[in-house]
1. Only one residue in Ala80, Ala86, Ala91, Ala16 is of a type outside the set (Asp, Glu) and under 27 Å from Leu140 (Cβ atoms), so which one is that?
2. Can you find, within the range 46-94, the residue that is farthest from Ala107 (Cα to Cα) among those that are in contact with a strand residue (DSSP E or B) (Cβ under 8 Å, 6 or more places away or on another chain) and among the β-branched types (Val, Ile, Thr)?
3. Show the residue pairs meeting these rules: Cβ distance below 8 Å; 6+ apart or different chains; first residue within the range 7-25 and of a type in the set (A, V, I, L, M); second residue exposed (fewer than 14 other Cβ atoms within 10 Å of the Cβ) and in a loop (DSSP other than H, G, I, E, B).
4. Does the range 89-102 include one or more residues that are closer than 21 Å to Pro149 by Cβ, of a type in the set (Gly, Ala, Ser) and either part of a helix (DSSP H, G or I) or within 13 Å of the chain's Cα centre (by Cα) (or both)?
5. Within the range 102-130, count every residue that is surrounded by fewer than 18 Cβ atoms within 10 Å (Cβ to Cβ) and among the hydrophobic types (A, V, I, L, M, F, W, C).
6. May I ask you to list the residues in the range 124-145 that are out of contact with any Pro (no Cβ under 6 Å at 6 or more places or on another chain), part of a helix (DSSP H, G or I) and of a type in the set (S, T, N, Q)?
7. Out of all the residues in the range 45-60, which are more than 20 Å from Ser135 (Cα to Cα) and out of contact with any helix residue (DSSP H, G or I) (no Cβ under 8 Å at 6 or more places or on another chain)?
Amino acid sequence: MNNVDIGEIKKFDGVADIWWDVNGEMGTLHVINPLRLQFITERLTSPAPKMLDVGCGGGILSEALAKFGAQVTGIDLSQASLNSAAAHAQAGGLNIEYQNIRAEDLARERPAAFDAVTCMEMLEHVPQPQAVIASCAQALKPGGHAFFPALTARPKRFCLPLWAANIFCACCRAARIPITNSFARPR
């Protein structure tokens, strides 16, 4: 299965130069990033967790996680966005591993390798989101954490995380990864 939407990759290639413009189209990501980082890091138990950022784009979350002390691998299929991410990380003296690879392929190469996986606003950009979700579960160590926020007002984006959660839980049960009831409740 290919699970790649070339049109989506071209779209993100086209915005590679604006990922780090906090006043531009990506400004909202910069505004919400501290909240995301707090939500994620409050749930981590390892002192220097190995983290996978699936669909990392320009590396906004990857960098924040690295500054927190995580060992970060960011993956994306937009090489132009990865180039932007790598250049920005290097300029900031951060050591982040960026790869142009599908989640499915990385999970096969490195099963049960990560303490946590983030997959932010990415599932709606692939033809088979369930394959990405299953790959994230495969890449997690037993007891690891996965983060899939993608809620918006659009019906597809609203329902997708609920559907994704069901698939993820099924994959975790199949892999005998314990699932806790520590889900965040809206405030």
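1. Details: Ala80 fails: under 27 Å from Leu140 (Cβ atoms); Ala91 fails: under 27 Å from Leu140 (Cβ atoms); Ala16 fails: under 27 Å from Leu140 (Cβ atoms).
Of the residues listed, the single one that is of a type outside the set (Asp, Glu) and under 27 Å from Leu140 (Cβ atoms) is Ala86.
2. Val72
3. The qualifying pairs are Val15/Glu25; Ile18/Gly24; Ile18/Glu25.
4. no
5. Matching residues across the range 102-130 total 2.
6. Gln130, Ser135
7. If the condition is that a residue be more than 20 Å from Ser135 (Cα to Cα) and out of contact with any helix residue (DSSP H, G or I) (no Cβ under 8 Å at 6 or more places or on another chain), then Thr45, Ser46, Pro47, Ala48 are the ones that fit.
Table: residues versus (1) free of Cβ contacts under 8 Å to residues at least 60 places away in the same chain; (2) closer than 21 Å to Leu35 by Cβ.
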position: Ala64; (1), (2): yes, yes
position: Ser84; (1), (2): no, no
position: Tyr98; (1), (2): yes, no
position: Val117; (1), (2): no, yes
position: Glu121; (1), (2): no, yes
position: Gln130; (1), (2): yes, no
position: Ile133; (1), (2): yes, no
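Since every read-out is calculated from the coordinates, none of them should be taken as a lab result. It should be emphasised that the depicted structure is a prediction, and the values quoted were computed from it without experimental measurement. Neighbour counts are summed over all protein chains in view; Cβ atoms, including those assigned to glycine, are modelled from backbone coordinates with ideal geometry.
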